[in-house]
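The values are calculated or read from the model by the stated rules, or taken from the named source; none is laboratory data. Predicted, not measured: the structure shown is a model, and the values here were computed from it. Note that each Cβ is placed from the backbone with ideal geometry, even for glycine, and that neighbours are counted across all protein chains shown. SASA here: full protein model, heavy atoms, side chains in, ligands and nucleic acids out. Shrake-Rupley method; radii C 1.70, N 1.55, O 1.52, S 1.80 Å.
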Amino acid sequence: MDRPRRRVVRMPTDAKPGRVQRAPEGFLTQQQIAAVQSGRRDFLRGAFVAASAAVAGTAIAQPLRGSDFKGESEILELPEHTKGLGQPVAARGYGSPSQFEQNLQRRESPGLTRVSAASVSFAPLQALFGIITPNGLHFERHHQGWWDIDPSKHRLMVMGMVKQPKVYTMDDLMRLPSVSRMHFIECGANTGMEWGNVAVPTVQYTHGMLSCCEYTGVLLSTLLDDCGFDRKNGKFILAEGADGSSMTRTISMDRALDDVMVAWAMNGEMLRPENGYPIRLVAPGLQGVSWVKWLRRIEVGDQPWATKDETLHYVDLMPDGVHRQYSSIQECKSVITTPSGGQTILDKGFHNVTGLAWSGRGRIKRVDVSFDGGRNWRTARLENPEMPKCLRRFNIDWVWNGAPAILQSRAIDETGYVQPKINQLRAVRGSRSIYHNNAIQSWKVAETGEVSNVQVY
Ligand SMILES: Nc1nc2c(c(=O)[nH]1)N[C@H]1C(S)=C(S)[C@@H](COP(=O)(O)O)O[C@H]1N2
Ligand SMILES: [Mo]
């Protein structure tokens, strides 16, 4: 039997580990907020040159000796918690994070105006590890607010071009053969601010309409079979939500039969109300809007419905003035999450640069990282498992010498598609889009260690 090979990652011996000031979630300065609201951004021309060589080399790490522990009272003196009685289990009920992690929250963007209940909260990507988004930090996008719907009263109707239209209760659904799968969800408007001259300050606001969970539910194909859908003429399905936005999206039948699910659970527990409790559609690889929450109806038909959510919203205004519709697959994309905008690199030396990559067309095959604004690229280490239409974590070693740098990541998926630069994307798409921006993200590291959101042409 093949044993998994152990990969040893060594820290370069000539560089001591540097520290990054933890993510600024929750404490954007007034100055940063003002900069966003006034739409300022640093633009950098291609000829970015790292003013480097003169910077002093990094110190060589020395092994710790006993005497180095002198003055280390945090480890030498026993704190109260090693001696006293801890808290009893029942005191906490449903578990919650440490009091020291309280700044880690979903947040509304300083760059967006909130319109009544039609709102967005962004996931704090800068402070998450691995690929799973904890349920309390999953981004939210509601077109007409969220509801906590009584599952005993909720019904799903499957109708249209089927032999036997059916109405399912939650009990009916949860008795069917279920599957559990890990997928990312990304709003089509994620990174939309990067089309314009608005440099939102952190990765939470540039890329935070992105999350990734393990979903449990029944495949839509199981339900369609159960109702005897018209295999010859049934070419599309329509999914409808039970909220006031009458969210309705067309999905082609081949995709619907492939991997679309009606899910009731995420990350091992029932969906959260804000994510569609008691059931939502999981449409792997498709933009978030197709993942209809509080799902109440599936209709089978022979042509697309051209609803408001696919003719007016989530369309791309192309340079020739034509609206591109039904461009719903989330193309290959990646972003460095540490170091990223708003963070400060405190020390020269070794840094683990990390980020996320994903593709609506399948698996991530490679991620390259540049530290000089795209002139030179090195291949990052990809974490396993490798799953289709799921986030993939990457890591790469970097020794910061104190000179200005521009960090970028570029993902390549299993179809061979390479994530484009912003000017390559603009050449095809123009600059009047809101949705579907999958361009390479640039983070500038200043000599002071401060990291900011820039664009490189
Ligand atoms: N019924 C309903 N479904 C919906 C929406 C909505 O407003 N109503 N918003 C959609 C949009 S635009 C996105 S990006 C995703 C967001 O899912 P989340 O809130 O679980 O992150 O849900 C989609 N499904
Ligand atoms: Mo969305």
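Every condition in (1) open to solvent by 10 Å² or more (accessible area, probe 1.4 Å); (2) modelled with pLDDT of 95 or more; (3) more than 21 Å from MET261 (Cα to Cα); (4) within 16 Å of ligand 1 (Cβ to nearest atom) is met by VAL120 except one, and the failing one is (2). I need the full set of residues from the stretch 45-99 which are assigned to a loop (DSSP other than H, G, I, E, B), out of contact with any strand residue (DSSP E or B) (no Cβ under 9 Å at 6 or more places or on another chain) and at pLDDT below 75, in order please. Answer for the stretch 45-99, where residues must be assigned to a loop (DSSP other than H, G, I, E, B), out of contact with any strand residue (DSSP E or B) (no Cβ under 9 Å at 6 or more places or on another chain) and at pLDDT below 75: ALA47, ALA51, ALA53, ALA54, VAL55, ALA56, GLY57, ILE60, GLN62, PRO63, LEU64, ARG65. For the stretch 235-247, the condition of being at pLDDT 95 or above, more than 15 Å from ligand 1 (Cβ to nearest atom), over 19 Å from the mean Cα position of the chain (by Cα) and surrounded by fewer than 21 Cβ atoms within 10 Å (Cβ to Cβ) holds for at least one residue.
From the list VAL300, VAL289, VAL335, the lone residue that is within 12 Å of ligand 1 (Cβ to nearest atom), at pLDDT 95 or above and of a type in the set (A, V, I, L, M, F, W, C) is VAL289.
Sort out which residues of the stretch 408-457 are outside any helix (DSSP H, G or I) and among the hydrophobic types (A, V, I, L, M, F, W, C), and write them in order of number. Hits for the stretch 408-457 are ALA411, ILE412, VAL418, ILE434, ALA439, ILE440, TRP443, VAL445, ALA446, VAL451, VAL454, VAL456.
Select from the stretch 400-448 the residues that are among the polar types (S, T, N, Q) and either under 25 Å from ASP316 (Cα atoms) or not assigned by TED's automatic domain parsing to the domain that holds GLY342 (or both) and list them in ascending order. Hits for the stretch 400-448 are SER409, THR415, GLN419, ASN423, GLN424, SER431, SER433, ASN437, ASN438, GLN441, SER442.
If you check LEU219 against the conditions, is it more than 16 Å from ligand 2 (Cβ to nearest atom), within 22 Å of SER328 (Cβ to Cβ) and more than 25 Å from the chain's Cα centre (by Cα)? Judged against the criteria, LEU219 is not a match.
Residue check: ASN376 meets all listed conditions (1) in contact (Cβ under 8 Å) with a residue 12 or more places away in the chain; (2) more than 19 Å from the chain's Cα centre (by Cα) but one, namely (1). VAL260 fulfils the conditions (1) more than 22 Å from MET387 (Cα to Cα); (2) crowded, with 24+ Cβ neighbours inside 10 Å except for a single criterion, (1). Taken over the stretch 187-208, the residue count meeting the criterion of being farther than 14 Å from ILE434 by Cα and within 11 Å of ligand 1 (Cβ to nearest atom) is 1.
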